[in-house]
């Protein structure tokens, strides 16, 4: 009886809404698990015998090498920017984040346009230097090319997390290592990497999840991985059952990677030994070493942002008049609308769940907080299949209601924008929840409890006391979600309603039709909006830090 009284006492509108939202978030994954064990057909037998091994090998190869190179570049940049002074250091601190504004599929077709036979590299060699190079040497439409594209546009995940961690480290730790005779390389490998292991693994796991989610790069490069196989089974064969089985394997691979990530983090923790912590101050190097450092940082920035952006801008100037039209203006409106609405819903759900988990210490609240971040771990193609099967099931159950309302259509929700927005919420809720959770953790419960003691209801306390105190966290979460929805490709391609296109799907459609120059305008707009949002988010973080 005491257990039921405890549950009844904790049950309120916050807990009910949190449970409801959690069940909705779980529905796509559950719908896949329910159907994954259904009887296989001939298409699945063919894939299992001849193609599945190739999918696994290609996927794991790209994941492994992208993870390694992203760690090398991201950690080295984070350490150099944190520990040493060099020209334009303040610019590069946030400038090295800008490659995240360029979706990998846009970067992929841009680099292919730069280095192919008619691109600026080979044209310059032929026209200016009389060198007729073998085009094979410039072919990036392969696995090494995909690894380069993923690495150069995704390393900022490792860079951001590791830099934030290193900036909080005590200066005495680094200074003691230097006094004991450690050189720069020895200090980096024997001190910095071990103490930053948790941050490095966290950033690398985000890179790997982004690689597994990608469809644009591997499709454009013609590489057979799980996401391309899912699209081929769904659209090419019209076989949703086979797509579900492939999605189930990919989801299992994701969970396996997350398990290894947890094991690699281990139980080692590095914390301050006393309360007197002096942040690490950057030091100067010799002129020669500073030149090398500046050159390295500049090359990465050029490859990750400046070169593709300049090339896209040039292509945009060539095709602007041809592409710009009322239909293209509608693309911009569609992208902004769906991003704003999805981000608003996600932040509303994140606030409800975040407030519930903050005010409740039970097992239920902990389970809900874990489920909330699950969606971002699952690739978009997998979520799309789960959402589609769930909405088809929902439409079948609502057929009686449709008939009663004299609606002559067997499926309504499955053809609507509601399904796409639901998929966005399911996938990107973690991005909105994490800043909100951190914000609630920062303010604690004392202000809420004081307001409650003064007789304020829970909802009014939340609106008048809690929400204003985590305003910057909510703004940061909204900005990040807006960027992710704006750039998202697999979910949008699979679930967009008829005749509804966004900037990302149009850019990919142009590039896939070999109209690379025409794709530049949509790509530039995505980069500009994402880059501006990243700059605003960085400014908010710096303000909060001060």
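Data for the structure
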quantity	calculated
Computed log₁₀ I(q)/I(0) - Debye formula, equal Cα scatterers, no solvent, the stretch 196-244, q 0.20, 0.21, 0.22 Å⁻¹	-0.70, -0.73, -0.76
Rounded if a/c under 1.5, otherwise prolate or oblate - the stretch 278-384, Cα gyration tensor axes	oblate
Cα gyration tensor shape of the stretch 376-460, rounded if a/c is under 1.5, else prolate or oblate by comparing a/b with b/c	oblate
Relative contact order (percent, whole number), the chain, Cα cutoff 8 Å, 6+ residue spacing	23 percent
Normalised contact order of the stretch 82-170, rounded percent, pairs of Cα under 8 Å and 6 or more residues apart	39 percent
Shape category assigned to the stretch 1-138 from the gyration tensor of Cα positions, a/c cut at 1.5	oblate
Exposure proxy order (Cβ contacts within 10 Å, fewest to most) of 44, 14	44, 14
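Any read-out appearing in this document is the output of simple, stated calculations on the displayed coordinates, not a laboratory observation. Since the model is a prediction, treat every value here as computed from it, not as a measurement. Using ideal geometry, Cβ is built from the backbone for each residue, glycine included, and neighbour counts are taken over all protein chains shown.
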